[in-house]
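This report concerns only the one structure given below.
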């Protein structure tokens, strides 16, 4: 077997298994929200209280994700992934036996703590073990498996809860995390990041100065404007994604009079379309030079479609299709953004850069569901979706500005 064929198989193995772990983490993000119809009745909760459960998850995940990035650099990716998966399983188990609302909040916090390790750990593994020529596809698969994890949670949780109760559904989810943890434990050669970027890829310019004898870089040199800009970018995008994922059935019901089954199908279409968009985005990311411009154009298109759906004017079937279009365009952005972020992360700061940037996911995730919940309680679901559309426009602006500055800095170096 040729060396190239062996390298391809090794890369495919890493990409597939890291993607599987990522899919499990995303599955857990919707485990409790998928059971909101049962939980609302069981504990007599308002939509705002349900939104707070999701907010707690994202606040905890966001607060600890930056710290998890440092832990990944210090203790290794396999150990952190094991900790994360066991915490996810523990959170689902606690939710399964929750006697009241406060314990559900605790369960959400445990799941958020477990979730915090995945992005810094996953991207440290992919960037160090996958050949640069295949990184665009690696990021595409990573995003795709995450969306498939999202897509799997609502129907699986719904089916088990309908047949055996919502507590049994959560107990089954806990088992899934334990099984994945055993797989990570058994395969350290896949889940432990290497010491250097794959294939001898040179470190970004920010890391080159010290290597070239310019003296040691300042301790927080990696925490620059590009890192903070991408943090804000993730806040904008994830506020939209989580707002749609957690409350689409309720919004579609109030805005279009959609039955629960039809509204759930709209959410599934959104998630599957986003997965398809990520596949397309993987090819685009490896072929275009101005990745920030393509990302911005996709976000503006998604904003226009979401604003149209927010009006309540299209017929129901068209609104469902429009939501699928939003998902597809947002999916295309995924691999593009990951390639952009890679430009600012050196091998020695990979975990912490991804930890800080991706903590923006959790900040946005704390905002989106809470916002939707408040406007649902006020009977204004269309206003909430319109605000989310503006958030996509803000993300497009940030993409162009930060990406343009990075390109200009690279050209001047």
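Rule-based calculations on the coordinates, nothing more; no lab input. As the structure is a computational prediction, the values presented were derived from the model and not from experiment. Cβ: placed from backbone, ideal geometry, glycine included. Neighbour counts: every protein chain shown.
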Exercise. Taking the structure as given and computing P(r) over Cα pairs in 10 Å bins from 0, in percent, which label from (i) 5, 23, 34, 25, 10, 2, 0; (ii) 4, 14, 16, 11, 8, 9, 10, 8, 5, 3, 3, 2, 2, 2, 2, 2, 1, 0, 0, 0; (iii) 4, 20, 29, 25, 14, 4, 1, 1, 0 fits?
Worked result: (i)
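By the gyration tensor of its Cα atoms, with a ≥ b ≥ c the square roots of the eigenvalues, what is the shape of the stretch 7-152: rounded for a/c under 1.5, prolate for a/b over b/c, or oblate?
Prolate, since a/c reaches 1.5 and a/b exceeds b/c.
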Seminar exercise, completed: Ranked output for segments 83-92, 166-175, 323-332, 40-49 by mean other Cβ atoms within 10 Å, highest leading, reads 323-332, 83-92, 166-175, 40-49
Exercise. Residues of the stretch 244-263 with amide nitrogen under 17 Å from the 7 Å Cα-to-Cβ point of residue 316?
Worked result: 248-263
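Would you mind calculating the gained length between residue 40 and residue 10 on full extension (0.36 nm times residue separation, minus the Cα-Cα distance), in nm to one decimal? It would help to have the intermediate numbers written out before the result.
Numbers: separation 30, 0.36 × 30 = 10.80 nm, distance 4.62 nm.
Gain on stretching residue 40 to residue 10: 6.2 nm.
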For this session: Please give the helix 47-75 orientation as an angle from the longest Cα principal axis of the chain, in degrees from 0 to 90, rounded to the nearest 10.
Result: 20 degrees
Seminar exercise, completed: So the angle from the long Cα axis of helix 3-29 to the longest Cα principal axis of the chain, reported in degrees to the nearest 10, equals 30 degrees
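Starting with the fewest neighbours, write out 286, 145 ranked by other beta-carbon atoms found within 10 Å of each beta-carbon.
Values: 286 18, 145 25.
So the ranking, lowest neighbour count to highest, is 286, 145.
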Exercise. By how many nm would the segment from residue 187 to residue 304 lengthen if fully extended, with 0.36 nm per residue of separation less the alpha-carbon distance?
Worked result: 37.7 nm
Exercise. Going by the alpha-carbon gyration tensor, a ≥ b ≥ c the square roots of its eigenvalues, is the stretch 1-83 rounded (a/c under 1.5) or, if a/c is not under 1.5, prolate (a/b greater than b/c) versus oblate?
Worked result: oblate
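Given 0.36 nm per residue, what is the gain on full extension from residue 390 to residue 283 after removing their alpha carbon distance, in nm?
Numbers: separation 107, 0.36 × 107 = 38.52 nm, distance 2.76 nm.
Full-extension gain reported as 35.8 nm.
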Exercise. How do 362, 73 line up, fewest other C-beta atoms within 10 Å first?
Worked result: 73, 362
Exercise. Relative to the longest principal Cα axis of the chain, at what angle does helix 77-96 sit, 0 to 90 degrees, rounded to 10?
Worked result: 10 degrees
Exercise. Is the shape of the stretch 238-316 best called rounded, prolate or oblate, per the rule: a/c under 1.5 gives rounded, else a/b larger than b/c gives prolate, else oblate, with a ≥ b ≥ c the square roots of the Cα gyration tensor eigenvalues?
Worked result: prolate
